[in-house]
Amino acid sequence: MQAGAGCFSIPFDVPPYRLSGAVYGALLNHRSALAALGEAASRPPYGAPPRAPVLYIKPRNTLAVSGSVVRIPAGTPELEVGACVGLVIGRTACRVSESRALDYVAGYLIVADVSIPHSSYYRPSIRFKARDGYCPLGPAVTARAAVANPDALTLRTYVDGALVQTASTADLIRPAGRLLADVTEFMTLAPGDVLALGAAAPAPRASSGRTVSIEADGLGSLRVPFMDAPA
Amino acid sequence: MMRARVAYAGAVHDATPEREDLRLADGRVVTEEQVVWLPPFEPGTVIALGLNYADHAKELAFKAEDEPLVFLKGRGTVLGHRGATRRPSGVKFMHYECELAVVIGRPARQVARSQALTHVAGYCIANDYAIRDYLENWYRPNLRVKNRDGGTVLGPWFVDATDVADAGNLGLRTFVNGNLTQTGNTRDLIFDIPSLIEYLSAFMTLSPGDVILTGTPEGVVNVMPGDVVTCEIDGLGRLVNTIAADDEFGR
């Protein structure tokens, strides 16, 4: 199975795993991301900080492998890169408990949630996040057993080799198990679905000609080159 | 042509209408009640429109924007004809939304509206449930409102585009327990089907199986466990769903 109708293609078969093509992610789940909003999180239009997980979907046209070029549309100087750890679901997860949640995880990978920067989180257009190629992931799926503690993974993001962000899954508001429990309370996740745990703020930015690399302990390095879209 | 996908006697079958019944691809004729109806095609990306009818936007006190209000849904939320959708106990406002679903048949990338309909394979009825109690002001409409298990009903038939004379002029009706509660016509879409395909394909490649739920007109009402919700669109059939309580799901 392939995604992206020929202009992008990601092999979903990553033996021994097969990705379903469904990628969900949590926003504002890293303490730094919510903290960056400060008092604004309690003011209009939001009214109150989020109660349930704030989730988004990266559709199949966004999926891309490590090394795929991300295109920057005309009139946009830079894109944002949300560096996340993603859970790869191993078996049907419906109403899982926090304590057993990781039993439903087959493995982990790095997810780069690429967006056109936007200041309002009230009802942002999907054209900021759902563009072709805006969800590079990989470079491979690392088996659950090979990761001692998913709640203590350090993500390092580099732009052209210079370290620009260090973040840890230890600082998630909902760690992996809690998030999986809260999400599967109302939506079942299937084998091969990916759930990105959330990026730290401020998100690193990249302009045309830059290459972003995201590394995580034991998960390898995801390389994302950025180029202006052809006119 | 109208086609369904159903489970019957140990296998999944393609089926076509045979008077009030169904003819399976292998020749057997069975009744509507004998089969389990699956969504009539394998959905790829599920794209949905909020507030795309002027009357419904007014109903929800929404000021029309200059670009379509689009949100995405996952595959786990999709359900077939004659299924059951759970209403959690304690919620105050759960409502259906009868919508025309447009199924993509050819990859669409930067398609002009004049060419847009050539990328459409066909149509079906969608019922896009929402539970407004869970609405929060972050990335609206949030998934807990709109992407719940069993909350996106598709079917019963996939109808080829060539069999729909004008998708821009189809009457929609919803009945709750037989009482008409919602009426509309796709001619009142704020963003019509060609505009939506042009808008979306400008930034995301649409692939065969991707589906656009084009929004719902006014007339959404609260539904309770046991209610039978029937969504009807001219030429596409009648899509039936029953609201179920928590206990049916072991909660």
Round to the nearest 0.05 the FRET efficiency obtained for B:Thr118 and B:Asn179 when R0 = 45 Å and r is the Cβ-Cβ distance.
0.70
P(r) for the range B:61-142, please, calculated from all Cα pair distances in 10 Å bins and given in %.
12, 36, 34, 16, 2
Could you please rank A:Phe186, B:Phe93, placing first whichever residue has the fewest other Cβ atoms within 10 Å of its Cβ?
B:Phe93, A:Phe186
I'd like the Karplus ³J(HN,Hα) series for the range B:106-115: coefficients 6.51, -1.76, 1.60, θ = phi - 60°, whole numbers in Hz, and an x wherever there's a Gly or Pro.
9, x, 10, 9, 6, 8, 6, 4, 5, 9
Dipole-positive endmost among A:Ser68, A:Ser20, A:Leu197 within chain A (Cβ charges, Cα centre)
A:Ser20
Inter-label distance for B:Arg238 and A:Ala148, nm, one decimal - labels placed 7 Å from Cα along Cα-to-Cβ:
6.4 nm
To the nearest 0.05, what FRET efficiency results for B:Glu18 and A:Arg178 with a Förster distance of 60 Å applied to their C-beta separation?
0.70
Förster-model FRET efficiency, 30 Å R0, B:Met1 and B:Asp166, C-beta, rounded to 0.05:
0.95
Taking amide H positions as placed in the peptide plane 1.01 Å from N, state which residues far from B:Gly122 in sequence (5 or more) or on other chains have amide H under 5 Å from it.
B:Val103, B:Ala161
Rounded to the nearest 20 Debye, what is the dipole magnitude of chain B about its Cα centre when Lys and Arg each give +1 and Asp and Glu each give -1 at the C-beta?
480 debye
Pairs of lysines 8 or more apart, or on different chains, with alpha carbons under 26 Å: count those in the protein assembly as shown, would you?
15
Across the residues of A:190-199, average count of Cβ atoms on other protein chains within 10 Å?
1
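No value in this document is a laboratory result; all are computed from the given coordinates. These numbers were taken from a predicted model, which means no experiment stands behind them. So basically every Cβ, Gly included, is an ideal-geometry build from the backbone, and we count neighbours across all protein chains shown.
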